[in-house]
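S.K.: Please find one structure pasted underneath; my questions will follow.
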Amino acid sequence: MDYSTRLTLLHTLCFAETFDDGAKPNISLDDYNAVDSAHYLASFVTFRAIQEAGRQPADERHNNFDMFSVYQAYAMLVFAFLTLPLTHELSEDGKAAPDLMAAQVIIAKTLFAGIADVELIEIIDSGFHKFKLIGDAEAEHWAEFRENLDKITVSFVVAGTDDDSPHSKDEVLPLFGQLLSQLCEAFERD
């Protein structure tokens with residue numbers, strides 16, 4: 001199974017889980033492309049990480065709005081790690097790499113549906129600044145954070161798409177919450 005197929009498979013599996021009423025949507029792998037799947041999965045993982053971390057976005061919107069840009073930066077980091085192998089695969093096939101600028105908007109609109117455009121722009125701008133800060137930082141704790149998030153992201157893709165994986169994706173998801181908590185604490189201190 002190539003990496004793009006893994007992403008679309010994981011996308012359909014995670015999407016199917018979101019139906020609480022027991023209904024199963026009619027999903028076909030042909031309905032998605034790998035880049036769209038990476039957008040969805042970055043948002044899905046971030047939503048779950050927020051839940052696992054016990055964060056309260058409804059309260060934070062009023063008394064700690066900057067935390068939304070931390071969530072945006074986190075989602076963009078997940079997207080970057082999801083698409084890194086995809087970028088290599090697409091370039092070998094002569095296809096364009098995922099568009100990071102477009103991804104920012106797509107992910108923000110998914111994560112923060114219903115927020116006014118002016119606030120959304122602020123979240124995207126501040127989130128991208130944090131994303132670049134984390135990505136460019138040479139400090140050991142940021143390098144370790146990036147490495148851990150990369151490993152967990154790869155583990156999530158493997159756990160969700162490989163029957164021989166030693167862990168299930170549900171066992172990996174809480175680790176995303178732990179890393180999001182670390183990121184939130186780092187920006188609450190700064």
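The values are calculated or read from the model by the stated rules, or taken from the named source; none is laboratory data. This is a predicted model, so every value here is computed, not measured. We place every Cβ from the backbone using ideal geometry, glycine too, and count neighbours over all the protein chains shown.
S.K.: Can you name every residue in the range 146-190 that is in a helix (DSSP H, G or I) and polar (S, T, N, Q)? Spell out the reasoning first.
M.R.: The initial filter retains those residues of the range 146-190 that are in a helix (DSSP H, G or I), namely 146-161, 169-189.
Hits for the range 146-190 are Asn148, Thr153, Ser155, Thr161, Gln178, Ser181, Gln182.
S.K.: Would you please name the residue that is surrounded by the most Cβ atoms within 10 Å (Cβ to Cβ), looking only at residues in the range 139-157 that are under 22 Å from Ser4 (Cβ atoms) and touching a residue at least 24 places away in the same chain (Cβ under 8 Å)? Spell out how you get there, then give the answer.
M.R.: Here is the first cut: in the range 139-157, the ones under 22 Å from Ser4 (Cβ atoms) are 149-157.
Next, from what is left, pick out any that are touching a residue at least 24 places away in the same chain (Cβ under 8 Å): 149-150, 152-154, 156-157.
Details: Leu149: 23, Asp150: 16, Ile152: 22, Thr153: 25, Val154: 15, Phe156: 27, Val157: 22.
Filtering the range 139-157 for residues that are under 22 Å from Ser4 (Cβ atoms) and touching a residue at least 24 places away in the same chain (Cβ under 8 Å), the one surrounded by the most Cβ atoms within 10 Å (Cβ to Cβ) comes out as Phe156.
S.K.: Residues Leu41, Leu7, Leu82: which one is more than 21 Å from Phe128 (Cβ to Cβ), within 16 Å of the chain's Cα centre (by Cα), surrounded by 21 or more Cβ atoms within 10 Å (Cβ to Cβ) and not basic (Lys, Arg)? Break it down stepwise before answering.
M.R.: Values: Leu41 fails: more than 21 Å from Phe128 (Cβ to Cβ); Leu82 fails: more than 21 Å from Phe128 (Cβ to Cβ).
Among Leu41, Leu7, Leu82, only Leu7 is more than 21 Å from Phe128 (Cβ to Cβ), within 16 Å of the chain's Cα centre (by Cα), surrounded by 21 or more Cβ atoms within 10 Å (Cβ to Cβ) and not basic (Lys, Arg).
S.K.: Among the numbered conditions (1) closer than 25 Å to Leu13 by Cα; (2) assigned to a helix (DSSP H, G or I); (3) among the aliphatic types (A, V, I, L, M), tell me where Ala97 comes up short.
M.R.: The failed condition is (2).
S.K.: While we're on this one: Could you run through the range 3-56 and say how many residues are modelled with pLDDT under 90 and outside any helix (DSSP H, G or I)?
M.R.: Matching residues across the range 3-56 total 13.
S.K.: Looking at the range 167-190, I want the residues that are of a type in the set (D, E, K, R) and have a partner that is at pLDDT below 95 and in a loop (DSSP other than H, G, I, E, B) with Cβ atoms under 9 Å, at least 6 apart or on another chain. Which pairs are those?
M.R.: The qualifying pairs are Glu188/Asn64.
S.K.: Which number in (1) part of a helix (DSSP H, G or I); (2) closer than 28 Å to Ser155 by Cβ; (3) among the aliphatic types (A, V, I, L, M) marks the one condition that Val118 misses?
M.R.: Val118 satisfies all of (1) part of a helix (DSSP H, G or I); (2) closer than 28 Å to Ser155 by Cβ; (3) among the aliphatic types (A, V, I, L, M) except (2).
S.K.: Checking Phe145 against (1) over 23 Å from Gly54 (Cα atoms); (2) out of contact with any Ser or Thr (no Cβ under 9 Å at 6 or more places or on another chain), only one condition comes out false. Which one?
M.R.: Exception for Phe145: condition (1).
S.K.: Taking the range 42-77, which residues are within 19 Å of Val157 (Cα to Cα), of a type in the set (A, V, I, L, M) and either touching a Ser or Thr at 6+ places or on another chain (Cβ under 6 Å) or without any contact (Cβ under 8 Å) to a residue 60 or more places away in the chain (or both)?
M.R.: Ala75, Met76
S.K.: Conditions: (1) within 27 Å of Glu17 (Cα to Cα); (2) without any contact (Cβ under 8 Å) to a residue 12 or more places away in the chain. Asp136 meets all but one. Number of the miss?
M.R.: Here Asp136 clears every test but (1).
S.K.: Sticking with this structure for a sec: Which of the residues belonging to the range 97-127 are surrounded by fewer than 17 Cβ atoms within 10 Å (Cβ to Cβ) and within 14 Å of Asp36 (Cβ to Cβ)?
M.R.: Once the filter is applied, which keeps residues that are surrounded by fewer than 17 Cβ atoms within 10 Å (Cβ to Cβ) and within 14 Å of Asp36 (Cβ to Cβ), the range 97-127 yields Asp99, Ala102, Val105, Lys109, Thr110.
S.K.: Which pairs have Cβ atoms under 8 Å, sit 6 or more apart or on different chains, and link a residue in the range 101-121 that is touching a residue at least 40 places away in the same chain (Cβ under 8 Å) to one that is acidic (Asp, Glu)?
M.R.: Listed by first residue and then by second, the contacts come to Phe112/Glu119.
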